[in-house]
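Below is one structure, written out as structure tokens; comments come after it.
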């Protein structure tokens, strides 16, 4: 359990100033005052002025911060603002700063007030926001009746998918996703069959939902005998027209749980294989449909250990034959 924290008083600050002036190290000063060395370190870092540490000024800074504990959060005094800005520049989050101020100083300033200070600084041309984790980008909260980045209408969760899909015992259960180019330039639709690992790739003009519908149709139209029972997507808004895809393919679309990428692990792995040909630094808008088709063929003609070194193309061709043979017996 952490030791309780006690504020330094003016006399102790006077001793710190005198001992430091005589060349004593922080650890020796702490031992002399009977406090933890971190207390001395915080005191010297937090309460020094432009001309190093002076106990009169240090005591004034500390008094101002304690007074802020009973002030309105928006009325942050210079001493507290100094701490907040220093910690933001050290990559502390507003929540961390708020919690630490309360723990160490008894100062109650909400993280929302700290964010407001950062936004005000940004409006005045300041750069505090650049030290935040997401550089000040705002993220929409999901309401309880919606899920996924695009809040997919009439979304059906992957947990409702038929149990047979988990068995990987049949062709026609697919996983789909987008591969995005460097700096969001261009995109490729990737769809992979869970049983055969057969992959379909389609070039997209943009990430709009109607473009995904067209690319999906084009991919399956290339197959002489398309078998589609289900498709599992992630929660991007580019898949918001899933009902149209279901109608076109006579199949059911499902959506993985947000932030559960392992529920579509095969698709994630397949995208990694594509990245061998098109690294993340690639501008996909400059990649032609012919080049993408060449990559698709290469993946489907590559022996896979998980398939006992059969290729996805061979699996897709042979499984229906084996199935028909079994039915004839």
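Given the criterion over 19 Å from residue 203 (Cα atoms) and either in contact (Cβ under 8 Å) with a residue 24 or more places away in the chain or in the same structural domain as residue 179 (by TED's automatic domain parsing) (or both), identify the matching residue among 289, 298, 256.
The conditions single out 256.
Return yes or no: is residue 241 crowded, with 17+ Cβ neighbours inside 10 Å, at negative phi and either in the same structural domain as residue 208 (by TED's automatic domain parsing) or touching a strand residue (DSSP E or B) at 6+ places or on another chain (Cβ under 9 Å) (or both)?
yes
Considering only segment 265-281, how many residues are touching a helix residue (DSSP H, G or I) at 6+ places or on another chain (Cβ under 8 Å) and buried (at least 18 other Cβ atoms within 10 Å of the Cβ)?
3
Provide a single number: the residues in segment 249-266 that are part of a helix (DSSP H, G or I) and farther than 13 Å from residue 157 by Cα.
5
In this structure, is residue 161 modelled with pLDDT of 90 or more and out of contact with any helix residue (DSSP H, G or I) (no Cβ under 7 Å at 6 or more places or on another chain)?
It is true that residue 161 is modelled with pLDDT of 90 or more and out of contact with any helix residue (DSSP H, G or I) (no Cβ under 7 Å at 6 or more places or on another chain).
Scan segment 210-238 residue by residue and report those that are outside any helix (DSSP H, G or I), surrounded by fewer than 17 Cβ atoms within 10 Å (Cβ to Cβ) and touching a residue at least 60 places away in the same chain (Cβ under 8 Å).
225
Could you tell me which of the residues 74, 137 is modelled with pLDDT under 85 and within 30 Å of residue 258 (Cα to Cα)? Walk me through how you get there before you give the answer.
Working: 74 fails: within 30 Å of residue 258 (Cα to Cα).
None of the other options fit; the residue is 137.
Any idea which residue in segment 164-202 is modelled with the highest pLDDT, counting only those that are under 25 Å from the mean Cα position of the chain (by Cα) and assigned to a helix (DSSP H, G or I)?
182
Within segment 36-59, how many residues are surrounded by 14 or more Cβ atoms within 10 Å (Cβ to Cβ) and farther than 23 Å from residue 90 by Cβ?
Total satisfying the criteria: 3.
The values are calculated or read from the model by the stated rules, or taken from the named source; none is laboratory data. Small disclaimer: the values here were computed from a predicted structure and weren't measured. With ideal geometry, Cβ positions are generated from the backbone for all residues, glycine too; neighbour counts draw on all protein chains shown.
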